[in-house]
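The values are calculated or read from the model by the stated rules, or taken from the named source; none is laboratory data. Owing to the predicted nature of the structure, the values given are computational and were not obtained by experimental measurement. In this analysis, Cβ positions are derived from the backbone assuming ideal geometry, glycine residues included, and neighbour counts consider all displayed protein chains.
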Amino acid sequence: MPLEKASGHDKKLQEKLIASGAIPRHIAIIMDGNGRWAQKRGLPRIAGHHEGVNSVRDMVEVCGQLGIKYLTLYAFSTENWKRPEDEVSFLMRLLLKALRDEKDRLHQNEVQLKAIGEIHKLPQDVQDELLDGIEIMKRNTGLTLILALSYSGRWDITNAFRKMYDDIRAGVVKQEDITESLIANHLSTKDYPDPDLMIRTSGEVRLSNFLLWQIAYSELYISGEFWPAFRRKELYEALAEFQRRERRFGMVSAQLKKDSESRVFPLSGMERFLKSVSKL
Ligand code: FPP
């Protein structure tokens, strides 16, 4: 079944955005403010997480419609395990339910599901559902939806060094071989380009240990809305702001004009690697 298309006014807004500038290839989102959204309404915190799933659904749909290739969602951080046990347990059940309920629709919409983080720490039923979804959707060609689960940026970097250690000790990797692309190729995100745009909701201006290595050149956008209230209209505002920014990657404006197309998106770890190999 083809991707569900936007309609009416929404379709016009999307067409306008596509015509007015670059659409990010990869968006990463720190979904913050579920608890505060609920508390503001006199509801328990978990009601915010519950409503947050509707924002996730909206983002996935609209990112697919806009032709965005990668969407990474910070769904559960390494630090989130420290929350009260009943909240952690609710979040895990919610994740399980969302995966079960949405799997068919995601698949029909050509979404490719992926996960990064310490997946083995999740409850077994969540792991099973997640791996099943990943397997079913592995040949899809639409949006790649990457769920960061039991994830943190420092865990990712530490893990990369652990993976490189054996090669270093065996002498396969020498000191001069340790480059940015070697490190990037050992991160959990090695198959994806770095995010072009990182969004955080709820007005907090922090990275909270999300994709620390990968966001070196990402545009940061802070929305004042709590995550359950962040829907397509708010995403369109973020994208319009992204289009107004000039990404210089450490260069000056005049250099960018010459090389604009290839510079809008930074290269992925794999692309950097292939480029460096092709020069040998
Ligand atoms: C942060 O809000 C949000 C989370 C820790 C969980 C995010 C999870 C979901 C939106 C639902 C499941 C996700 C998927 C992918 C189906 P917070 O609790 O920190 O809010 P607060 O800062 O107001 O306390």
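Observations on the model:
- Any hit, region 15-28, residues being in a strand (DSSP E or B) and either within 12 Å of the ligand (Cβ to nearest atom) or touching a helix residue (DSSP H, G or I) at 6+ places or on another chain (Cβ under 9 Å) (or both): yes
- Within region 55-69, the set of residues being touching a Pro at 6+ places or on another chain (Cβ under 7 Å) and either away from the ligand (no atom under 15 Å from the Cβ) or not small (G, A, S) (or both) comprises just one member, I68.
- Identity of the residue in region 140-175, at pLDDT 95 or above and in a loop (DSSP other than H, G, I, E, B), that ends up farthest from the ligand (Cβ to nearest atom): T141
- Selection of region 131-154 for residues being surrounded by 18 or more Cβ atoms within 10 Å (Cβ to Cβ) and within 24 Å of S208 (Cα to Cα) yields T144, L145, I146, L147, A148, L149, S150, Y151, S152, G153.
- Annotation: of all residues in region 29-51 being small (G, A, S) and outside any helix (DSSP H, G or I), the one that is surrounded by the fewest Cβ atoms within 10 Å (Cβ to Cβ) is G42.
- Scan of region 94-106 for residues that are more than 10 Å from the ligand (Cβ to nearest atom) and either of a type in the set (K, R) or touching a residue at least 60 places away in the same chain (Cβ under 8 Å) (or both), ordered by number: R100, K103, R105
- Qualifying positions in region 199-230 - touching an Asp or Glu at 6+ places or on another chain (Cβ under 7 Å) and closer than 21 Å to Q112 by Cα: Q214
- Residue list for region 70-93, restricted to those being more than 9 Å from the ligand (Cβ to nearest atom), aromatic (F, W, Y) and closer than 27 Å to I215 by Cβ: Y70, W81
- The condition of being assigned by TED's automatic domain parsing to the domain that holds A229 and under 26 Å from L212 (Cα atoms) holds for only one of A38, A22, that being A22.
- L182 of a type in the set (A, V, I, L, M, F, W, C) and part of a loop (DSSP other than H, G, I, E, B): no
- The residue pairs whose first member lies in region 168-196 and is closer than 20 Å to S152 by Cβ, whose second member is of a type in the set (D, E) and not in a loop (DSSP other than H, G, I, E, B), and whose beta carbons are closer than 9 Å, counting only pairs six or more residues apart or on different chains, are L187/D156; S188/D156; T189/D156; P195/E219.
- In region 243-253 there is no residue matching the filter, namely being within 13 Å of the ligand (Cβ to nearest atom) and part of a loop (DSSP other than H, G, I, E, B).
- R200 within 11 Å of the ligand (Cβ to nearest atom) and buried (at least 17 other Cβ atoms within 10 Å of the Cβ): yes
- Exactly one residue among G8, G33 is at positive phi and away from the ligand (no atom under 15 Å from the Cβ), and that residue is G8.
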